[in-house]
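Values quoted throughout were computed directly from the atomic coordinates according to the rules given, and no laboratory measurement underlies them. Just so we're clear, the structure is a prediction, and the values are computed from it rather than from any experiment. Note: ideal-geometry Cβ built from the backbone for every residue, glycine included; neighbour counts use all protein chains shown.
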Amino acid sequence: QVQLVESGGGLVQAGGSLRLSCAASGRTFSNYAMGWFRQAPGKEREFVAAISWSVSSTYYADSVKGRFTISRDNAKNTVYLEMNSLKPDDTAVYYCAVGRFYIATTGTMYDYWGQGTQVTVSS
């Protein structure tokens with residue numbers, strides 16, 4: 001049974017940093033893309049960042065480019081999202097997802113999802 005567990009969310013002031021982690025279990029994910037998405041209250045889920053299974057490719061939403069960094073450790077089946085210079089607009093529930101393809105920014109393509117972790121940025 002595939003399971004994704006996010007951690008690292010919390011409350012932070014604007015300008016601060018957080019590091020999210022997502023541990024995957026249930027199979028080997030070395031040939032799966034991994035991604036982060038977020039959903040703010042009253043808004044649709046949106047893409048944040050993705051990383052290819054080979055670690056050689058990364059995509060970012062324009063809104064987070066230059067502030068967020070996605071990385072992964074295939075030996076640990078874990079994906080990370082380093083978030084710096086956080087803004088109140090970054091407040092959302094953050095979800096990790098995995099899918100058996102090289103890399104993608106479309107949420108519907110991903111096969112498995114975590115339960116989400118809340119990130120709240122105060123002004």
Stokes-Einstein translational diffusion, segment 70-123 - Kirkwood Rh over all Cα pairs, 1.306 mPa s, 10 °C, in µm²/s: 123 µm²/s
³J(HN,Hα), Karplus 6.51/-1.76/1.60, whole Hz, each residue of segment 53-58, x for Gly, Pro: 5, 7, 6, 7, 10, 9
Geometric extent, Cα atoms of the chain - Rg, Dmax (angstrom): 13.3, 41
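Estimate the FRET efficiency between SER57 and GLU82 by the formula 1/(1 + (r/R0)^6), using the beta-carbon distance for r and 22 Å for R0, to the nearest 0.05. Intermediate values should be presented prior to the final figure.
On the way: r = 17 Å, r/R0 = 0.79.
Using R0 = 22 Å, I get an efficiency of 0.80.
Based on Cβ point charges of +1 for Lys and Arg and -1 for Asp and Glu, what charge dipole magnitude is obtained for the chain about its Cα centre, in debye rounded to the nearest 20? Let's see the in-between values first.
Working: 11 positive and 9 negative charges, 32 e Å.
Once rounded to the nearest 20, the dipole reads 160 debye.
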Spin-label pair VAL2/LYS65, simplified geometry with 7 Å Cα→Cβ offset, distance in nm: 2.9 nm
Exposure rule at most 15 other beta-carbon atoms within 10 Å, DSSP loop chymotrypsin sites (Phe, Trp or Tyr not before Pro): the chain longest free segment: 1-100
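Relative to the compact globular guide of 2.2 N^0.38 Å, what is the alpha carbon radius of gyration of segment 60-101, as a ratio?
Details: Rg = 11.9 Å, N = 42, 2.2 N^0.38 = 9.1 Å.
Normalised by 2.2 N^0.38 Å, the Cα Rg of segment 60-101 equals 1.30.
Counting other Cβ atoms within 10 Å, keep those with at most 11, restrict to DSSP loop, and tell me which GluC sites (Glu not before Pro) in segment 1-106 are left.
Numbers: sites: GLU6, GLU44, GLU46, GLU82; in loops: GLU44.
Here the GluC sites (Glu not before Pro) that fit, given the DSSP loop and packing criteria, are GLU44.
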Cα centroid separation, segment 1-65 to segment 108-122 (Å): 7 Å
